[in-house]
Amino acid sequence: MFYLIQLLNGIQYGLLLFLLASGLTLIFGIMGVINLAHGSFYMIGAYLAFGLAKLTGNFWLAIPLGLVIALALGIVLETTLFSRIYKRDHLYQVLLTFGLILIFEELRSILFGDDVHGVAVPALLDYSVRLTDTLSYPVYRLFITLVCLLVAAAMVLVIHKTRLGMMIRAGSSNREMAASLGVNIPLLFALVFAFGTALAAFAGMIAAPISSVFPGMGNQILILCFVVVVIGGIGSINGALIASLAIGLADTLGKVIAPEYSGIAVYLLMAVILLWRPQGLANKT
């Protein structure tokens, strides 16, 4: 039963990682932008949940308010900064996004200070399901798993079954051809970037009640996001989902089975997958 709990934790962590990495997959795979600031959007989401929940007194109200702010931030950043560097060398992208990390960290320090904060689990979900006489599982973690599954299903549906998804896939494959067929590439890029930003912020918001809200929290998870993008396949949502679950399980179970080697479990998994499929799990070529 103990390992069942760890399995549930691994799935929940993997799905939460998917929310983060799917946004980065869209931005990196479609727009070709190396966005080192993507982890900062996760941090921004967590601090928005903390600040807005404190301001409104209601965590459920803080979520939609935070999503609106995140979408607006994504649109502003894309239209004013990122749209200017698409055709430039990747070094410009790295410098810009690294600069954004420093700016966001400084703004965070000014607005919230450098202390570690906590967000209370909503009263509606603040209880546990008893599994045995001595073991139980928090309902809020099950809620996160369910929400992430719903978002993942919605994303797959949008990408593969809607006109917007068709344009996104066309822009990912050949943006010049898509533009010649009438796709508004600047608008598409703004929407994709804003959506990716909102996904990362949303992951930070729903994760805030089960983890501390602290300075630099986005930097720790950024590397895992890039690992997901690489082994899942550049631009592939399906690959990102599979890779996120694999990494979540490897990281969680690795800490239980072999704690002394847990730090290398994820990267060992990445090495094995890339040796087997250098193009990523979901890409065919």
* Please tell me if Gly218 is within 25 Å of Gly280 (Cβ to Cβ) and crowded, with 24+ Cβ neighbours inside 10 Å. => yes
* Structure fact -> Taking first residues from the range 93-111 that are touching a residue at least 12 places away in the same chain (Cβ under 8 Å) and second residues anywhere that are of a type in the set (Ser, Thr, Tyr) and not in a helix (DSSP H, G or I), the pairs with Cβ under 9 Å that are 6 or more apart or on different chains are Gln93/Tyr86
* When you look at Pro186, is it part of a helix (DSSP H, G or I), in contact (Cβ under 8 Å) with a residue 24 or more places away in the chain and touching a Pro at 6+ places or on another chain (Cβ under 8 Å), yes or no? -> no
* Structure fact -> In the set Leu241, Leu245, Leu253, Leu249, the lone residue that is in contact (Cβ under 8 Å) with a residue 40 or more places away in the chain and surrounded by 22 or more Cβ atoms within 10 Å (Cβ to Cβ) is Leu241
* Asked: If we keep just the residues of the range 64-94 that are of a type outside the set (Val, Ile, Thr), surrounded by fewer than 16 Cβ atoms within 10 Å (Cβ to Cβ) and under 20 Å from Ile44 (Cα atoms), which is modelled with the lowest pLDDT?
  -> Leu81
* Residue ID - farthest from the chain's Cα centre (by Cα), chosen from residues in the range 123-146 that are buried (at least 16 other Cβ atoms within 10 Å of the Cβ) and closer than 30 Å to Leu191 by Cβ -> Phe143
* Structure fact -> Those residues of the range 213-236 that are hydrophobic (A, V, I, L, M, F, W, C), assigned to a helix (DSSP H, G or I) and in contact (Cβ under 8 Å) with a residue 60 or more places away in the chain come to a total of 8
* Asked: Which of the residues belonging to the range 237-285 are outside any loop (DSSP other than H, G, I, E, B) and among the hydroxyl-bearing types (Ser, Thr, Tyr)?
  -> Ser244, Thr252, Tyr261, Ser262, Tyr267
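The values are calculated or read from the model by the stated rules, or taken from the named source; none is laboratory data. Please read these numbers as outputs of a predicted model, since none were measured by experiment. Methodologically, a virtual Cβ is constructed for each residue, glycine included, from the backbone with ideal geometry; neighbour enumeration extends over all protein chains shown.
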